[in-house]
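The structure under discussion appears below in the form of structure tokens.
Just so it is clear, none of the values below were taken in a lab; they were calculated from the coordinates. All of these numbers come straight from a predicted model, not from anything done at the bench. Cβ sites come from the backbone with ideal geometry, for glycine too, and all protein chains shown count toward neighbours.
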Amino acid sequence: HRARAEADYRPSALLETLGGLLQNGLTLVAMLVVLARYGVWLPVALLASTLPALAVVLRYAARQYQFRMRATPVERRTWYYDWLLTAGEAAPEIRLFALGDYFKAAYLGLRKQVREERLELARGQGLAELASGAAALVVAASAFLWMIARTLRGSLSLGDLALFYQAFQQGLRLARTLLENVGQLYRNSLFLGTFFEFLELKPTVVSPAKPAAVPVRLSEGIRFTGVTFRYPDTRRVALRDFSLSIPAGRLIAIIGPNGAGKSTLVKLLCRFYDPEAGSITIDGVDLRRFSVEELRQRISVFFQQPVHYNTTVRENIALGNLASAPTDAAVEAAAKAAGADAFIRDLPEGYGNLLGHLFEKGTELSVGEWQRVALARSILRESPMILLDEPTSAMDPWAEADWLNRFHSFAQGRTTIIITHRFTTARLADQIHVMEQGQIVESGSHHELIGRGGHYAARWAAMNIV
Ligand code: ATP
């Protein structure tokens, strides 16, 4: 948040300040030389008179920085409320539950809290500057009185006094500007520090120096062995000593309650994270031995909450495999396999139709239609491994049946994992695994599991009673 907010203007501000500092510094030196003619202590006094102000500038630059550090979480929260109050996604609920005033009050409350602290800081700074200004005034007045006394004694001419007055005034003004430059320089460099801190963040998931090749066609399959995983900065174990073998070219389904850890399997297979213990292998080779980019190229993934790209339908699908520069025919074939071709053709501009309502002439799709466009995007990438997380959750039963038929032939020969809450989708699989609290608790075909009378059979019975 800080890096994003500061990075676009701090570097140029730093450069401008450096320029100003140089320019004002040189002029000040010239003024000090002029003053030194009337007494060596005069330039020293002038510089000394700025020392309290320098201390104030540095102290408050640091305090402002600390204040920004403290206020960042509050600022982020106000951004969030701002988003809630203005984003299209939140608008229906905000209206229906009449939450506008509630979030507005929360937003204003936080802004007030930040403003009060900022005002307090400004008040303190104002007082400190007043005190340092008074100290400078005493020094300046003493120098003037001394010079006037010398003029009255006749050791200086009126012309000298006028020159001194001009040079001293100019010197004070320059010293003040220089101080402001120093303050800005210090403030900007402090804030730039946060930007460099951000740039120094290193990815925890990295490719090895000499990566193994990711198989283009799997011969053994995917295997999770004793995998334990916790999301970063959390204590709850998402997968505990998890083991699962997915034979090459087979389609398996994973079913289980919310929070069981199903989507986590997909994230680990894509190497968004590495497990804490245990290993995940493809054809016997640990994922960590592959290049991250190549591994991801070999996986088609459909995420539980796919992105609604506000681009044309064609682009929405082509984004799944830009590297292969897909032809229109390939895009349309993927749309057909995903069961999206029919409604796309009904759009005013077919595959060239803009989607979403962010831009002019865009058409908003239903959740199920978006889901099918996203499926087409995943399918376009012809990879040996397919991971689908709730691919049919928003489809009507007819669309689901239609899609399952098409998908079954599409998935032939590929190693596929489908995560689903739908028994109708799970039944398609060669093997169904029931997952609970980060572990597999039952495995088998639909009929085997029904016959076993365990978790799966109990849920199946409950569903059919309903
Ligand atoms: P659902 O059926 O609701 O999609 P799931 O079985 O796919 O659930 P996961 O998404 O794998 O469940 O989540 C397993 C656990 O990991 C949950 O307890 C969740 O709180 C936690 N979790 C998931 N994603 C994150 C994340 N990004 N950061 C921290 N914890 C997470």
(message) What distance in nm lies between label points placed 7 Å from Cα along the C-beta direction at HIS1 and TRP83?
(response) 1.1 nm
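Find how much the distance from HIS357 to LEU96 grows on full extension, using 0.36 nm per residue of separation minus their present alpha carbon separation; answer in nm with one decimal.
Values: separation 261, 0.36 × 261 = 93.96 nm, distance 2.07 nm.
Stretched fully, the HIS357-LEU96 segment lengthens by 91.9 nm.
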(request) Order the peptides 423-435, 63-75 from the highest to the lowest mean number of other Cβ atoms within 10 Å of their residues. (result) 423-435, 63-75
(message) Quick check: residue separation of VAL29 and GLN166 times 0.36 nm, minus the Cα distance between them. What number comes out in nm?
(response) 47.9 nm
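For the chain, what is the convex hull (Cα atoms) projected area averaged across all directions, in square nanometres? Walk me through the intermediate numbers first.
Values: hull surface 130.9 nm².
Computing the convex hull of the Cα atoms and averaging its projections yields 32.7 nm².
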(request) Putting +1 on Lys and Arg Cβ atoms and -1 on Asp and Glu Cβ atoms, find which of GLY444, VAL434, HIS408 reaches farthest to the positive end of the dipole of region 406-455. (result) HIS408
(message) Testing the spin-label approximation: label points 7 Å from Cα along Cα→Cβ at GLU129 and LYS112. State their distance in nm.
(response) 2.7 nm
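Could you check what % of the DSSP bridge pairs in the chain are antiparallel, to the nearest 5? Working shown, then result.
On the way: 20 of 39 bridges.
Antiparallel bridges make up about 50 percent of those DSSP assigns within the chain.
List the relative contact order of region 380-466 as a percent without decimals, with contacts defined as Cα pairs under 8 Å and 6+ residues apart.
Numbers: 82 pairs, mean separation 19.9, N = 87.
Normalised by residue count, the contact order of region 380-466 is 23 percent.
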(request) For region 193-235, state which GluC sites (Glu not before Pro) are in a DSSP loop and have at most 15 other beta carbons lying within 10 Å of their beta carbon. (result) GLU200
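Grab the beta carbon distance between PHE196 and VAL285, set R0 = 45 Å, and tell me the FRET efficiency rounded to 0.05.
Numbers: r = 37 Å, r/R0 = 0.82.
Efficiency computed from Cβ-Cβ geometry: 0.75.
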(request) Beyond 31 Å between alpha-carbons counts as too far, so tell me which of LYS267/LYS336; LYS267/LYS361; LYS262/LYS336; LYS112/LYS202; LYS210/LYS267 fall in that bin. (result) LYS267/LYS361; LYS112/LYS202
(message) I need to check one value: relative contact order of region 1-145, counting alpha carbon pairs closer than 8 Å and at least 6 residues apart, in percent.
(response) 33 percent
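So, R0 is 60 Å and r is the distance between the beta-carbons of TYR273 and ARG153; what FRET efficiency does that work out to, to 0.05? Intermediate results must be reported in sequence, preceding the final value.
Working: r = 83 Å, r/R0 = 1.38.
Calculated transfer efficiency: 0.10.
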(request) Quickly estimate the mean residue ellipticity at 222 nm for the chain, helices only: each DSSP H run with n ≥ 4 gives -39500 (n - 2.57), and the total goes over all residues, rounded to 500. (result) -19000 deg cm²/dmol
(request) Rounded, prolate or oblate: pick one for region 50-157, where a ≥ b ≥ c are the square roots of the eigenvalues of its C-alpha gyration tensor, a/c under 1.5 means rounded, and failing that, prolate if a/b is larger than b/c, else oblate. (result) prolate
(message) Need the C-alpha centroid separation for region 83-108 versus region 1-63, integer Å.
(response) 46 Å
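Report the full-extension gain for the segment GLN437 to TRP460: residue separation times 0.36 nm, less the Cα-Cα distance, to one decimal in nm.
Details: separation 23, 0.36 × 23 = 8.28 nm, distance 1.94 nm.
Residue separation times 0.36 nm, minus the Cα-Cα distance, leaves 6.3 nm.
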(message) Rounded to whole Å, give me the distance from the Cα center of region 138-194 to that of region 357-426.
(response) 74 Å
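Tell me, what is the percent relative contact order of the chain, built from C-alpha pairs under 8 Å that lie six or more residues apart?
Values: 655 pairs, mean separation 75.5, N = 466.
Reported relative contact order: 16 percent.
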